[in-house]
Amino acid sequence: MKDIADRAGVSIATVSRVLNYDATLSVSDETKRKVFEAAEDLAYEKRTPRKNGGTRIALLHWYTEEEELDDVYYMSIRLGIERRCKQYNLTLVRLLQNNTAQLARENIQGMIAVGKFSQHEIALLKEKTSNLVFVDYLPDDDYFDSVTVDFVKATRKVLDYFISQGHQMIGYIGGREVFRDGTSEIQDPREATFKAYLKEKKIYQEKYVYGGKFSVDDGYRLMKQAIAEHGAASLPTAFFVANDPMAIGCLKALEGAEIAVPERVGIIGVNDISLAQYVSPSLSTVRIDTELMGETAVDLLLERLSGRRTSKQVTLSTELILRQSSK
């Protein structure tokens, strides 16, 4: 905590409150960003730099900088891309998805697209460059490279653990998204797998499934809704929460309702963002090496620029990390 405070130029108390998403804390988004990035920096292992001067690539990000603060999963991916580009001496042009007009004016050799993109959006990107890598999304096309996570297996890991601990009433709180152009809703593999897997086990209950935005605030809101609808006595004994910020919001709602974690309700999130270990109780979660996702995307793009034409899809494994929020 002191190292993060020193690097971000703030007090240890401010670091603690930022990492715990303290709603009463009045600091700027820039201060929050410094704290989050300092936490990510300290978790990062530096690798030997390699030179590759003269190459200019674009990073197209579907999140705004403000949205990154609600879900630092994408911030960590971005940092991995930026650091890898610095190691390789690549020129990186950062663009937000709502600023694609600038993309047409940039002289780039390749592009990394982070986030979810509709078929229409993908077609527009393909017109700009054939050297295109997607991160956290697998387009329905053998033409593209991609770096993704096996959320199906990750979800089953969590559910198998809960079931092994005797849980039969298991809830789900997750995010639901649509493409930026509004063409359709994006199916989340965590929610789809949760439903299918518990139906196989014959313990699925629709009334325990909640969806909103991937944010601390919606995690808090949805858990409060679950408490109001079911009451403390009938609340599921465990919740799988689709990302760590939402899980942190859930912990706050349970604390406010004086529902003990993990004695009464166990919580497991997803991502293992760097601040998961700082909340109280510390958050059990599925670890995803997000910075490696970003680094791998740069490596794939350089392979493309070196002449590889066969598409390559890289799927990273995950690890269940058990801390204080689950039993």
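The values are calculated or read from the model by the stated rules, or taken from the named source; none is laboratory data. Not measured: the values here are computed from a predicted model. Cβ placement follows ideal geometry from the backbone for every residue including glycine, while neighbour counts extend to all protein chains displayed. With ligands, DNA and RNA removed, areas are computed over all heavy atoms of the protein, side chains included. Shrake-Rupley method; radii C 1.70, N 1.55, O 1.52, S 1.80 Å.
Within region 253-272, residues that are under 20 Å from GLU191 (Cβ atoms) and in contact (Cβ under 8 Å) with a residue 60 or more places away in the chain reach partners that are open to solvent by less than 50 Å² (accessible area, probe 1.4 Å) and part of a loop (DSSP other than H, G, I, E, B) with beta carbons closer than 6 Å, at six or more positions or on different chains, in the pairs GLY266/SER326; ILE268/SER326; VAL270/ALA242; VAL270/ASN243; ASN271/ASN243; ASN271/ILE288.
A quick yes/no check of all residues on (1) surrounded by 13 or more Cβ atoms within 10 Å (Cβ to Cβ); (2) assigned to a helix (DSSP H, G or I); (3) at pLDDT 85 or above; (4) among the aliphatic types (A, V, I, L, M):
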position	(1), (2), (3), (4)
ARG17	yes, yes, yes, no
LEU25	yes, no, yes, yes
LYS46	no, no, no, no
ARG50	no, no, no, no
GLY54	no, no, no, no
TYR63	yes, no, no, no
GLU66	no, yes, no, no
GLY80	yes, yes, yes, no
ARG84	yes, yes, yes, no
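Do we have any residue at all in region 206-222 that's touching a helix residue (DSSP H, G or I) at 6+ places or on another chain (Cβ under 6 Å) and within 17 Å of PRO262 (Cβ to Cβ)? Yes, region 206-222 contains at least one residue that is touching a helix residue (DSSP H, G or I) at 6+ places or on another chain (Cβ under 6 Å) and within 17 Å of PRO262 (Cβ to Cβ).
Looking at region 178-236, which of its residues are aliphatic (A, V, I, L, M), closer than 24 Å to SER118 by Cα and out of contact with any Phe, Trp or Tyr (no Cβ under 7 Å at 6 or more places or on another chain)? Hits for region 178-236 are VAL178, ALA192.
Within region 215-232, the set of residues being at pLDDT below 95 and buried (at least 23 other Cβ atoms within 10 Å of the Cβ) comprises VAL216 only.
Considering the conditions (1) modelled with pLDDT of 95 or more; (2) over 18 Å from TYR74 (Cβ atoms); (3) of a type outside the set (D, E, K, R); (4) touching a helix residue (DSSP H, G or I) at 6+ places or on another chain (Cβ under 9 Å), TYR161 is excluded by exactly one of them, (4). Determine, yes or no, whether VAL72 is closer than 27 Å to TYR278 by Cβ, aliphatic (A, V, I, L, M) and modelled with pLDDT under 85. Yes, satisfied.
Each row is one residue, and each column tells you yes or no for (1) open to solvent by less than 10 Å² (accessible area, probe 1.4 Å); (2) part of a loop (DSSP other than H, G, I, E, B); (3) of a type in the set (Val, Ile, Thr); (4) farther than 30 Å from MET111 by Cα.
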{"position": "SER282", "(1), (2), (3), (4)": "no, yes, no, yes"}
{"position": "THR296", "(1), (2), (3), (4)": "no, no, yes, no"}
{"position": "THR310", "(1), (2), (3), (4)": "no, yes, yes, no"}
{"position": "LYS327", "(1), (2), (3), (4)": "no, yes, no, yes"}
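Given region 157-269, what strands (runs of 3 or more DSSP E) lie entirely inside it while holding 1 or more residues that are under 20 Å from ARG287 (Cα atoms)? Write out each step before concluding.
On the way: elements: 170-175, 209-212, 238-241.
It comes to 170-175, 238-241.
Would you mind stating whether GLY266 is open to solvent by less than 60 Å² (accessible area, probe 1.4 Å) and under 30 Å from ILE203 (Cα atoms)? Before the answer, list the steps.
Working: open to solvent by less than 60 Å² (accessible area, probe 1.4 Å): yes; under 30 Å from ILE203 (Cα atoms): yes.
Against the criterion (open to solvent by less than 60 Å² (accessible area, probe 1.4 Å) and under 30 Å from ILE203 (Cα atoms)), GLY266 qualifies.
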